[in-house]
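The values are calculated or read from the model by the stated rules, or taken from the named source; none is laboratory data. Computed from a predicted model, the values in this text were never measured in an experiment. Please note: Cβ atoms are built from the backbone with ideal geometry, for glycine as well, and neighbour counts cover all protein chains shown. Quick note on the areas: whole protein, heavy atoms, side chains included, nothing else; ligands and nucleic acids left out. Shrake-Rupley method; radii C 1.70, N 1.55, O 1.52, S 1.80 Å.
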Amino acid sequence: MADMNSPYSKHIWNLLINVGFKLFSSIFVVLVTILSTSGLLGVSSCLTVSILVWCIFCAVVYWGKIDRLPSHRIEKFLENEENGPAIIGHRGGANEAPENTIAALLEAKKNGAYAVEVDIGVTKDEVAILLHDWTVDRTTDGEGKISEMTLEEAERLNAAANFSNRSQFPSEKIPTLEECVIKCLELDLKIYFDVKDFSDKTVSILIDIYERYPRLMETAIVCSFIPSVIYKVRLRNPEILTALTTSPRFFQTEVKKMKIPLKEWISPVSYVMDSIMVWSMFNWLWYLCGNSAILLNKDFISRSVLDHWNACGIHVVPWTVNDPGDKVYFTESLKLAIITDCVLSSVDE
């Protein structure tokens, strides 16, 4: 492994990973092109070039990898110390309280969750808050992108405005990340930080919160669909527990949400990107980032998938498990921690 304590090494590998992930798809397109033109280049030339590129790729992964933390760290983190099933409130438990609010944390604890999963957003004045979407439209009485609002403007909004049970939760503000951390430490709730923003600023915010609240080393984990986020977090502090989050249809789902022209032309590209990402997640990204766990869409978990990750020494956490029968299967039969919208209740899926 490269010496990550050297400022020069940190700079080089940070540069490599920023550029590398952006060019990853392009590299594979080039490889496919080479293979498809083997008739022009000659089979032997095609194979030579492909093997050379593959060797370079493997060398970069090997020398750039960050060592995984000892297994006892993640095992202790995933353990419910009260000996019940390891239930994680998704966005705090979005079916039982307004998502990503302090009320959700309190409700999750009351209902028996051992941990909560929360989403991190960043305001215009660079304060980390809890918010799942890029905009405040779906969950509050406001409109607009959170990145274009100051914290003061965001805190004026009612984060319970669109919650189904307004009588129980008439008004809740958007909390800051620090408020969330303080409350979770107070409640002895472990935290899954879900990071969707891949900016260096968000990574710096996370590193700073870990430095100011060192208990998070044992009680929190950073998760993301974006591998570069995980790599950069562990590059800055290799003692932080991390997990990649994956779904076989991540890019396809995101494209469907977009309001853009020629969407039908982009959809096939999203399918290819999903295929590349799933292959990468299963074969080398977990190794490069030194992850301790992987968060998998529950609909794509099978015995062979679990066997694969067990062989890698990676712990699987299914999401989002809302059906009562599924909860029993995952927690009691498979002995897995689960992420759910409903710690106590259930919802139709």
(Q) Against the condition aromatic (Phe, Trp, Tyr), out of contact with any His (no Cβ under 6 Å at 6 or more places or on another chain) and at pLDDT below 95, how does Phe193 come out, does it pass? (A) no
Q. Of all residues in the range 228-280, which are in a loop (DSSP other than H, G, I, E, B), open to solvent by 40 Å² or more (accessible area, probe 1.4 Å) and under 30 Å from Met217 (Cβ atoms)?
A. Pro238, Glu239
**Q.** Flag if Glu81 is acidic (Asp, Glu) and not in a loop (DSSP other than H, G, I, E, B)
**A.** no
Q.
Is it the case, given these coordinates, that Glu117 is farther than 30 Å from Leu336 by Cβ and modelled with pLDDT of 95 or more?
A. no
Q) Of the residues that make up the range 89-104, is at least one touching a His at 6+ places or on another chain (Cβ under 9 Å), open to solvent by less than 20 Å² (accessible area, probe 1.4 Å) and small (Gly, Ala, Ser)? A) no
Q.
I want to confirm something. Restricting to the range 166-218 and keeping residues that are of a type in the set (Ser, Thr, Tyr) and out of contact with any helix residue (DSSP H, G or I) (no Cβ under 6 Å at 6 or more places or on another chain), which single residue is surrounded by the most Cβ atoms within 10 Å (Cβ to Cβ)?
A. Tyr192
Q | Qualifying residue in the range 309-322 (condition: farther than 29 Å from Asn100 by Cα, modelled with pLDDT of 95 or more and small (Gly, Ala, Ser)) | A | yes
Q: State whether the residues of the range 106-114 include one that is of a type in the set (Ser, Thr, Tyr), at pLDDT 65 or above and open to solvent by less than 30 Å² (accessible area, probe 1.4 Å).
A: yes
